[in-house]
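Visitor: Following this message is one structure expressed as structure tokens.
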Amino acid sequence: AMGPARAAVHSAVGCGHKQSLSLHSRQVKIDQLTHNMFVSSSTAGWMVAMVAMVAGCATDLDCSLAGKCVDSICECEDWTKGDTCATLNLQPLASPSDLTSLVQPQGNSTRWGGSVVQDDEGKFHLFAAEMMNDCSLGVWGSLSTVIHSVGTSAMGPFDRVGVAVPHEAHNPVVSRTADKSLWLIWTCGCPQARPPPHSGCKKETLTCPGGAEPAWTTTVYASPSLNGPWTPHVNVLGDITKGRLGSQNVSPLMRPDGSVALMFKGPDNNTEASIAVAPRWDGPYTLAAVNIFAKFVDDNITNEDCWFWQSADGNYHALSHRMTPADRESTVCGGHAFATSLTDWSYALTPAYNRTVDVVGSTTPLPLQRRERPQLFLGGPNHSPQVLYTAVQAAGGLPFTFAQHLGKSTVQ
């Protein structure tokens, strides 16, 4: 039987990994202790780190599937670091002034999250949520749009082109069909027949086809061009969410045969992640697994807004906004889960990142009030993570889309 530490980080579905359970249980316990050290530095914490180095690894699973276990030591891929390759290898900023919005000009606009893709001509396109009328983030679900911006680098800056999708549309994720015939923008929301107000920030109660509110309705916008126009396909997950809370913040995995796997928030509560699959991007969808991270609540961890991908070796990874049940804005805000199959996930208790940003030459990192909505730009010969995008907010400032370089490879 699985030891208690191993079971605590294993998903509620699937039979689990059978190999080297005792060592993996020990590594998980060490991972939990280094998590505690991450949250509060102490002498005991440094002792734990030394123990972790001695414990070593037995398989690549002990390296979070983000590195290779060689002679009991995890050799991490470029985008990760740490004894178990659980932490993102985020590069420090050259200057504090680099903690700035990807989209220019910022003005008085509140922007949230961001999805970046590269077109066939080499240009980079950013799609992000922007609140109307210079309103605060609190109006999302009623006055949120998706804007389109263009740049020459995945690290930005990006020049705002205009609104790609009018209200109500939030938290966009962009993908492309396997045959490259269509670009897709996955959103929370649905088109509204009544035009939005040109001023004011009163949040209205809206509904979408199927009866759910926009926040819990997935609409996919399709176009052969990143410049649009975009055709809405409303409530694409309606068949599997009918009578339930709904779906939110979808992350698509587009497969070479045209089929799609989705990780999404829902269908029954605000902190569960589930998997749906379909032969085509527009469905029909079936549920493959519900609440795949349920067991992690035992470790005082909840998640939302997952973004997942499949690496070149066939393994799966997911980043999430990591929280505790009692603290939505915990200092530890980055989660990293990994799997060899879509329905059988493990979780790195060591955080992927936190609410601070390092700067070259400084021992004092820059603090953030919020850091959520992780997405990645994947590139290079192995289609590996190169840039992390998060929605951030510094104390007293406007929320904006922020990019941070991963690893040592150059982003073109």
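Visitor: Return yes or no: is residue 300 in contact with a Ser or Thr (Cβ under 9 Å, 6 or more places away or on another chain), within 30 Å of residue 238 (Cα to Cα) and polar (S, T, N, Q)?
Guide: Criteria not met by residue 300.
Conditions tested, residue by residue: (1) within 18 Å of residue 388 (Cβ to Cβ); (2) open to solvent by 40 Å² or more (accessible area, probe 1.4 Å).
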{"site": "72", "(1), (2)": "no, yes"}
{"site": "83", "(1), (2)": "no, yes"}
{"site": "94", "(1), (2)": "yes, yes"}
{"site": "111", "(1), (2)": "yes, no"}
{"site": "125", "(1), (2)": "yes, no"}
{"site": "133", "(1), (2)": "no, yes"}
{"site": "141", "(1), (2)": "no, no"}
{"site": "146", "(1), (2)": "no, no"}
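Visitor: If you take the residues of segment 290-300 that are open to solvent by 60 Å² or more (accessible area, probe 1.4 Å) and either assigned to a loop (DSSP other than H, G, I, E, B) or without any contact (Cβ under 8 Å) to a residue 40 or more places away in the chain (or both), which of them is farthest from residue 220 (Cα to Cα)?
Guide: Residue satisfying both the conditions and the ranking: 300.
Visitor: Further question on the same structure: Is there any pair with a first residue in segment 223-243 that is over 29 Å from residue 291 (Cβ atoms) and a second that is open to solvent by 60 Å² or more (accessible area, probe 1.4 Å) whose Cβ atoms are under 7 Å apart and which are 6 or more apart or on different chains, and what are they?
Guide: 223/229; 223/231
Visitor: In addition: Within segment 148-165, restricting attention to residues that are surrounded by fewer than 18 Cβ atoms within 10 Å (Cβ to Cβ) and among the hydrophobic types (A, V, I, L, M, F, W, C), which residue is farthest from residue 123 (Cα to Cα)?
Guide: If we take residues in segment 148-165 being surrounded by fewer than 18 Cβ atoms within 10 Å (Cβ to Cβ) and among the hydrophobic types (A, V, I, L, M, F, W, C), then 163 is farthest from residue 123 (Cα to Cα).
Visitor: If you scan segment 265-289, which residues turn out to be more than 21 Å from residue 189 (Cα to Cα), without any contact (Cβ under 8 Å) to a residue 60 or more places away in the chain and in a strand (DSSP E or B)? Outline the logic, then answer.
Guide: Filtering segment 265-289 for residues more than 21 Å from residue 189 (Cα to Cα) gives 279, 288-289.
This time we only want the ones that are without any contact (Cβ under 8 Å) to a residue 60 or more places away in the chain, so: 279, 288.
Listed by number, the list holds a single entry, 288.
Visitor: For residue 154, indicate whether it is touching a Gly at 6+ places or on another chain (Cβ under 8 Å) and over 21 Å from residue 191 (Cβ atoms).
Guide: Against the criterion (touching a Gly at 6+ places or on another chain (Cβ under 8 Å) and over 21 Å from residue 191 (Cβ atoms)), residue 154 qualifies.
Visitor: Of the conditions (1) aliphatic (A, V, I, L, M); (2) at pLDDT 90 or above; (3) farther than 20 Å from residue 260 by Cβ; (4) assigned to a loop (DSSP other than H, G, I, E, B), residue 395 fails just one. Which one is it?
Guide: The failed condition is (2).
Visitor: Where in segment 326-385 are the strands (runs of 3 or more DSSP E), entirely inside, with at least 3 residues that are of a type in the set (A, V, I, L, M, F, W, C) and open to solvent by less than 10 Å² (accessible area, probe 1.4 Å)? Walk me through it before giving the result.
Guide: On the way: elements: 332-341, 344-354, 370-379.
Because the criterion is at least 3 residues that are of a type in the set (A, V, I, L, M, F, W, C) and open to solvent by less than 10 Å² (accessible area, probe 1.4 Å), the strands (runs of 3 or more DSSP E) in segment 326-385 that meet it are 332-341, 344-354.
Visitor: Would you point out which residue out of 287, 253, 262 is on the phi < 0 side of the Ramachandran plot, open to solvent by less than 10 Å² (accessible area, probe 1.4 Å) and modelled with pLDDT of 95 or more?
Guide: 262
Visitor: Only one of 184, 143 is in contact with a helix residue (DSSP H, G or I) (Cβ under 6 Å, 6 or more places away or on another chain) and aliphatic (A, V, I, L, M); which? It would help to see each step written out before you state the result.
Guide: Numbers: 184 fails: in contact with a helix residue (DSSP H, G or I) (Cβ under 6 Å, 6 or more places away or on another chain).
That would be 143, the only listed residue that is in contact with a helix residue (DSSP H, G or I) (Cβ under 6 Å, 6 or more places away or on another chain) and aliphatic (A, V, I, L, M).
Visitor: Of the residues 195, 224, which is open to solvent by 60 Å² or more (accessible area, probe 1.4 Å) and either under 22 Å from residue 115 (Cα atoms) or polar (S, T, N, Q) (or both)?
Guide: Details: 195 fails: either under 22 Å from residue 115 (Cα atoms) or polar (S, T, N, Q) (or both).
Every option except 224 fails the conditions.
Visitor: So for segment 108-120 (the condition being over 18 Å from the mean Cα position of the chain (by Cα) and among the β-branched types (Val, Ile, Thr)), does at least one residue qualify?
Guide: yes
Visitor: So how many residues does segment 301-325 have that are under 23 Å from residue 60 (Cα atoms) and either outside any strand (DSSP E or B) or small (Gly, Ala, Ser) (or both)?
Guide: 7
Visitor: Follow-up. Which residue is nearest to residue 142 (Cα to Cα), if the candidates are limited to segment 210-221 and must be open to solvent by 40 Å² or more (accessible area, probe 1.4 Å) and in contact with a Ser or Thr (Cβ under 8 Å, 6 or more places away or on another chain)?
Guide: 213
Visitor: Filter segment 314-325 down to the residues that are open to solvent by 10 Å² or more (accessible area, probe 1.4 Å) and modelled with pLDDT of 95 or more, then identify the one that is farthest from residue 392 (Cα to Cα).
Guide: Across segment 314-325, the extreme among qualifying residues is 314.
The values are calculated or read from the model by the stated rules, or taken from the named source; none is laboratory data. On a predicted model such as this, the values are computed, not experimentally measured, just so you know. Please note: Cβ atoms are built from the backbone with ideal geometry, for glycine as well, and neighbour counts cover all protein chains shown. Only protein heavy atoms, including side chains, enter the accessible area calculation; ligands, DNA and RNA are left aside. Shrake-Rupley method; radii C 1.70, N 1.55, O 1.52, S 1.80 Å.
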